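Remarks on the structure that follows.
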Amino acid sequence: MDGIPDYAFGPRDASERATTRDFAGTRVVPGRARVLFETRPQPALLSTPGDRVADWLCAGQALERVLLTATLHRVSTSFATQPLEWPDLRWILRDPVFGTGHPQMIVRLGYGPNGPRTPRRPLGHVLTIEP
């Protein structure tokens, strides 16, 4: 089975103000906790000078470094990609003074409890090595 299992969704925001995507959607997950989320999450915007394939590759490499560094320091991360999917909203995220930069990812950084491990596909199902 693909996807995120119910047990890994984590709690819902008791104040219902969280801007994070809830992978359960509107369905109710029995026994799921409701807790107050932090009131001032720390968002970060990853942007590039251009918006070509090479810039996307550099953005991916930079994101990898951010995620590994956050993990090293026990900082939790989540993504807010929805605003980047709409050209008008993506435009608004550019530098407000100079109008430069092309937003590639919005990352929410913070501290929280560790979540449960989720299943992974066997290596042979996702990687083929040819001699």
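The values are calculated or read from the model by the stated rules, or taken from the named source; none is laboratory data. Treat the numbers as computed from the prediction; the structure is a model and nothing was measured. Quick reminder, even Gly has a Cβ in these numbers, built from the backbone with ideal geometry, and neighbours come from all protein chains shown. Heavy atoms of the whole protein, side chains included, go into the accessibility calculation; ligands, DNA and RNA do not. Shrake-Rupley method; radii C 1.70, N 1.55, O 1.52, S 1.80 Å.
Overview of values
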read-out: Of the criteria (1) part of a helix (DSSP H, G or I); (2) loosely packed, with under 11 Cβ neighbours inside 10 Å; (3) of a type in the set (A, V, I, L, M), which one Ile129 fails; value: (1)
read-out: Filtered residues of the stretch 108-126 (kept if more than 19 Å from Pro5 (Cβ to Cβ) and open to solvent by 80 Å² or more (accessible area, probe 1.4 Å)); value: Tyr111, Leu123
read-out: Qualifying residue in the stretch 98-120 (condition: more than 21 Å from the chain's Cα centre (by Cα), without any contact (Cβ under 8 Å) to a residue 40 or more places away in the chain and in a helix (DSSP H, G or I)); value: no
read-out: Qualifying residue in the stretch 35-42 (condition: open to solvent by less than 100 Å² (accessible area, probe 1.4 Å), aromatic (Phe, Trp, Tyr) and part of a loop (DSSP other than H, G, I, E, B)); value: yes
read-out: Residue within the stretch 18-29 that is touching a helix residue (DSSP H, G or I) at 6+ places or on another chain (Cβ under 8 Å), among the hydroxyl-bearing types (Ser, Thr, Tyr) and surrounded by 11 or more Cβ atoms within 10 Å (Cβ to Cβ) present; value: no
read-out: Flag if Leu89 is surrounded by fewer than 14 Cβ atoms within 10 Å (Cβ to Cβ), over 22 Å from Phe9 (Cα atoms), of a type outside the set (Ser, Thr, Tyr) and at pLDDT below 95; value: yes
read-out: When residues of the stretch 93-107 are limited to those that are hydrophobic (A, V, I, L, M, F, W, C) and within 21 Å of Val53 (Cα to Cα), the one most open to solvent (accessible area, probe 1.4 Å); value: Leu93
